[in-house]
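The values are calculated or read from the model by the stated rules, or taken from the named source; none is laboratory data. Just so we're clear, the structure is a prediction, and the values are computed from it rather than from any experiment. Cβ coordinates were reconstructed from backbone atoms using ideal geometry, including for glycine residues, and neighbour counts include every protein chain displayed.
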Amino acid sequence: MGILLGQDQEIVLEQGQSHALTTPGEWYAVQTHFRHEKLVRDRLLAVGLEPLLPLGKQCRQWSDRKVWMNLPLFAGYCFARLVLDNSLAVLRTPGVIRIVGTPKPEPIPAEEIAAIQQICSVNRMIEPCDYLVEGSWVEVIRGPLTGLRGQLVRRSNHHAIVIRAHLIQQAALVHIEADEVVSLQ
């Protein structure tokens, strides 16, 4: 497993090795157009910025065979280490939508970047997963329960939402698919 830094240039970090950060500034998430993550990474590197594109090895089923591919761990996102004064260079990069943050770009905590780099440095399966956390408050965004809010739980390998009636101290649980809800936090 590795972190792709340049065009067809993969740096594989040995377990326990750290990736030296040489570019000044903080890490920011850069939202990219659909399937433009590697292109944006290469272009950011070309303008002198330090990009980070964590990849995960994923098995894809083609019509006649299964193929293992190195795909971006976070679809639609790349990371870049930069000084915010130089953000115009990033925003002008073809394939970039925006630097993530509300209302202005917000840096990614160093601990989160270090954790991403660490998991990419070991030779293990890495795959994307839903950000939803058991116990988080969610809202249903499609289906007959659209607009319903409750707390997400897992029961018997299924997701469900708990609806509570606090006055009578009772609760009901309704099974739901994870892709039907968004986090409220």
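Can you pull out every residue in region 100-127 that is in a loop (DSSP other than H, G, I, E, B) and closer than 20 Å to Lys57 by Cα?
Ser121, Val122, Asn123, Arg124, Met125, Ile126, Glu127
Can you pull out the residues in region 49-99 that are assigned to a strand (DSSP E or B) and of a type in the set (Ser, Thr, Tyr)?
Passing the criteria: only Tyr77.
Given the condition within 22 Å of the chain's Cα centre (by Cα), over 21 Å from Ser121 (Cβ atoms) and either surrounded by 17 or more Cβ atoms within 10 Å (Cβ to Cβ) or at pLDDT below 90 (or both), answer yes or no: does some residue in region 59-73 qualify?
Yes, region 59-73 contains at least one residue that is within 22 Å of the chain's Cα centre (by Cα), over 21 Å from Ser121 (Cβ atoms) and either surrounded by 17 or more Cβ atoms within 10 Å (Cβ to Cβ) or at pLDDT below 90 (or both).
Only one of (1) more than 23 Å from the chain's Cα centre (by Cα); (2) surrounded by 15 or more Cβ atoms within 10 Å (Cβ to Cβ); (3) not acidic (Asp, Glu) fails for Arg164. Which number is that?
The one condition Arg164 does not meet is (2).
Does Gly147 qualify as being over 19 Å from the mean Cα position of the chain (by Cα), part of a loop (DSSP other than H, G, I, E, B), outside the structural domain of Lys57 (by TED's automatic domain parsing) and at pLDDT 90 or above?
Against the criterion (over 19 Å from the mean Cα position of the chain (by Cα), part of a loop (DSSP other than H, G, I, E, B), outside the structural domain of Lys57 (by TED's automatic domain parsing) and at pLDDT 90 or above), Gly147 qualifies.
Can you find even one residue in region 133-147 that is in contact (Cβ under 8 Å) with a residue 40 or more places away in the chain, of a type in the set (Asp, Glu) and surrounded by fewer than 15 Cβ atoms within 10 Å (Cβ to Cβ)?
No.
For Met1, work out the one condition from (1) at pLDDT 80 or above; (2) part of a loop (DSSP other than H, G, I, E, B); (3) surrounded by 14 or more Cβ atoms within 10 Å (Cβ to Cβ) it doesn't fulfil.
(1)
Identify, please: which residue in region 14-54 is closer than 30 Å to Arg92 by Cβ and at pLDDT below 90 and is, among those, surrounded by the fewest Cβ atoms within 10 Å (Cβ to Cβ)?
The extreme case among them is Ala20.
Go through Val100, Val122 for me and flag whichever is under 22 Å from Ser183 (Cα atoms) and under 19 Å from the mean Cα position of the chain (by Cα).
After applying the criteria, what remains is Val100.
Determine the pairs where a residue that is assigned by TED's automatic domain parsing to the domain that holds Gly25 and closer than 15 Å to Ile119 by Cβ, located within region 39-60, has a partner that is among the small types (Gly, Ala, Ser) and buried (at least 18 other Cβ atoms within 10 Å of the Cβ) with Cβ atoms under 8 Å apart, the partner being 6 or more residues away or on another chain.
Filtered contacts from region 39-60: Leu52/Ala80.
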